[in-house]
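Accompanying notes for the structure given below.
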Amino acid sequence: MKHIWLYISKTDLETERQQCEEEGRDLASVQEEFDRVGALDLEDLSNQPQAQALLDRTITLPIREDYPYHEPSDLEGIRAARPQNRPKLPGWTGGDALLEEKVYGAWLGRCCGCLLGKPVEGWRRERMWGYLKESDRWPLSDYFSRSVPEAVRQKYNLRPWAFKEDVSFMPEDDDTNYTTSGLVILKRHGRDFTPTDVANFWMSDIPILHTCTAERVAYRNFCNLIPPPLSASFRNPYREWIGAQIRADFFGWAAPGDPQLAAEFAWRDACISHVKNGIYGEMWVAAMLAAAYVTDDIPTIIQAGLGEIPERCRLAEDVRAVLAWHAEGISYDEALERLHGKWNENRAHDWCHTISNAMLVAIGLLWGELDYGRSICRAVQGCFDTDCNGATVGSVVGVVLGKRALPAFWTEHIHDTLKTGVVGYHEVKLADLTRDSLAVIEKVHA
């Protein structure tokens, strides 16, 4: 057994260097060490201690004095750093029928948005946009299809994988596995669940080889008896990648009209594997979902999410920039150009970072204008982490609109069925998930 992906790799070190630069660490004392260790054969187990020592050193480097951001990772520090002028939202006053409608819409919206982006996850603009244009499907307005001219199929290497012709349900995906996990965690432990409860759930219910990047590192740390929150930062170059942001949804759904509670739930989940903006991404999405129960104004929903994270963090700055672009009246295409001008999709760190994808979520929501199909298509057509962003945007719009307002064009394709890797939910009807979700929400607010 030689699981190379559990080793520290050259890619890990490259990611760590960029991560440290972005979080304001002074790298002057370790630049030569990065070059030296990066040149080693890190698949040789005897060289792993040098890579480990380098990561142990980088996490202790001081933050530059001229760094303009304030980015705590503890809940108390995050709350103290929130903006003073947060949106004032009404509490949830809807009845049981409306709550069921919105929760059902959330599950449907998330699953269909995820399915839209799933077959093209990892595709960059040249490939996706070329496929769409050469198959007369530009702009994106339907699930991706393999029913295209043979030349297009060959050119863009279309293989059976969640294309429209390949599935009649929502196949297993990490974006929906983690949503279902959130349901199970709250079902088992109630509203007072802890980060340790989440870590124990992973170890008992999620195989380690089903995790990636920050989650993989955190899991490795659990196995080495490194508990939360240290598990998030110990030798973890991916500590601000998108993994926590995609775990937010059930924590938002469980707190109708209460963004602060939703964000706290999300913090307890995120802090086992992420720090700083990696945590904020999950808190932002959860708070938006809680707000989506009580307002249909997208800028207000986005601002409600920002109201639960530090005002002077990088994520808040970049999402505020997207809000400003929308207020400026620029086109969707121009918004994408500005996003891609800031983040290089061909660099893994940029492609999978929380902030680049949060910006695309905001673009999908704002330029989608509460049209479900347009919203998920605009989230996915922008590339980056397509299934994650389609799922998140679909979830927010699903809560706002509710099940009956979601177009059958999108929802009928999955036949109300989700497959997951979560025990007890390997194949489940969304109607049953909605029933279980309502029971958990009632328990949380009892």
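For the chain, what is the relative contact order in percent, using Cα pairs closer than 8 Å and at least 6 residues apart in sequence? Numbers along the way, then the final one.
Numbers: 782 pairs, mean separation 112.8, N = 446.
Taking the mean separation of contacting Cα pairs over the length of the chain, I get 25 percent.
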Lys, Arg +1 and Asp, Glu -1 on Cβ, resulting dipole of the chain about Cα centre, debye, nearest 20:
420 debye
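Roughly how big is segment 70-156's charge dipole about its Cα centre, with Cβ charges of +1 (Lys, Arg) and -1 (Asp, Glu), in debye to the nearest 20?
Working: 15 positive and 12 negative charges, 64 e Å.
Result for segment 70-156 is approximately 300 debye, rounded to the nearest 20.
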Dipole of the chain (Lys/Arg Cβ +1, Asp/Glu Cβ -1, origin at the Cα centre): which of Gly307, Ile206, Cys271 lies farthest to the positive side?
Ile206
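Kindly rank 290-302, 186-198, 429-441 from highest to lowest mean number of other beta carbons found within 10 Å of each residue. List each step's numbers first, then the result.
Numbers: 290-302: 22.7, 186-198: 16.1, 429-441: 18.4.
Ranked from most to least packed, the peptides come out as 290-302, 429-441, 186-198.
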Violations at 18 Å Cα threshold for listed pairs Lys403/Lys429; Lys403/Lys443; Lys102/Lys403 -> Lys403/Lys443
Regression test value, accessible area per residue of segment 307-430, probe 1.4 Å, units Å², expected 33 Å²
Pull out a ≥ b ≥ c, the square roots of the eigenvalues of the alpha-carbon gyration tensor of segment 295-446, then state rounded if a/c is under 1.5, prolate if not and a/b is larger than b/c, and oblate in the remaining case.
prolate
Rounded to the nearest 0.05, what FRET efficiency do Asp35 and His445 have when you use their Cβ-Cβ distance and R0 = 56 Å?
0.55
Sort 236-249, 370-383, 167-180 for me by packing, meaning the mean count of neighbouring Cβ atoms within 10 Å per residue, highest on top.
236-249, 370-383, 167-180
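With a probe of 1.4 Å, find how much accessible area segment 172-221 has per residue, and write the answer as a whole number in Å². Walk me through the intermediate numbers first.
On the way: 1770 Å² over 50 residues.
Per-residue value: 35 Å².
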Any idea what the relative contact order of segment 345-438 is, in percent, if you count C-alpha pairs under 8 Å spaced at least 6 apart?
19 percent
Show me the ranking of peptides 347-358, 140-151 by mean Cβ neighbours inside 10 Å, starting with the highest.
347-358, 140-151
Given a 1.4 angstrom probe, I'd like the percentage of the accessible area of segment 231-372 that is carbon and sulfur, rounded to a whole number.
44 percent
Where the centroid of each part is defined by its Cα atoms, how far is segment 185-248 from segment 282-351 in Å?
25 Å
Reported label for calculated percent of Cα pairs over 33 Å apart given (i) 32; (ii) 62; (iii) 50:
(i)
By a straight-distance test (C-alpha under 24 Å), which lysines pair with Lys2 as possible cross-link partners, with residues fewer than eight away in the same chain excluded?
Lys10
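With the full set of protein chains in place, find how many percent of the accessible area of segment 1-159 is carbon and sulfur; take the probe as 1.4 Å. Numbers along the way, then the final one.
Values: 4030 of 8390 Å².
Exposed carbon and sulfur together represent 48 percent of the surface.
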Label segment 272-339 by shape, choosing from rounded, prolate and oblate, from the square roots a ≥ b ≥ c of the eigenvalues of the Cα gyration tensor; if a/c is under 1.5 it is rounded, and otherwise prolate applies when a/b is larger than b/c, oblate when it is not.
oblate
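Starting from the Cα coordinates of segment 146-283, work out the convex hull volume and express it per residue in Å³. Don't skip to the end; give the middle numbers.
On the way: hull volume 19.8 nm³, N = 138.
Taking only Cα atoms, segment 146-283 has a hull volume of 143 Å³ per residue.
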Partner lysines for Lys133 [C-alpha distance under 26 Å; skip if fewer than 8 residues away on the same chain]:
Lys118, Lys155, Lys164, Lys342
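The values are calculated or read from the model by the stated rules, or taken from the named source; none is laboratory data. Please read all numbers here as calculations on a predicted model, not as lab measurements. Please note: Cβ atoms are built from the backbone with ideal geometry, for glycine as well, and neighbour counts cover all protein chains shown. Areas reflect the complete protein model, heavy atoms only, side chains present, ligands, DNA and RNA absent. Shrake-Rupley method; radii C 1.70, N 1.55, O 1.52, S 1.80 Å.
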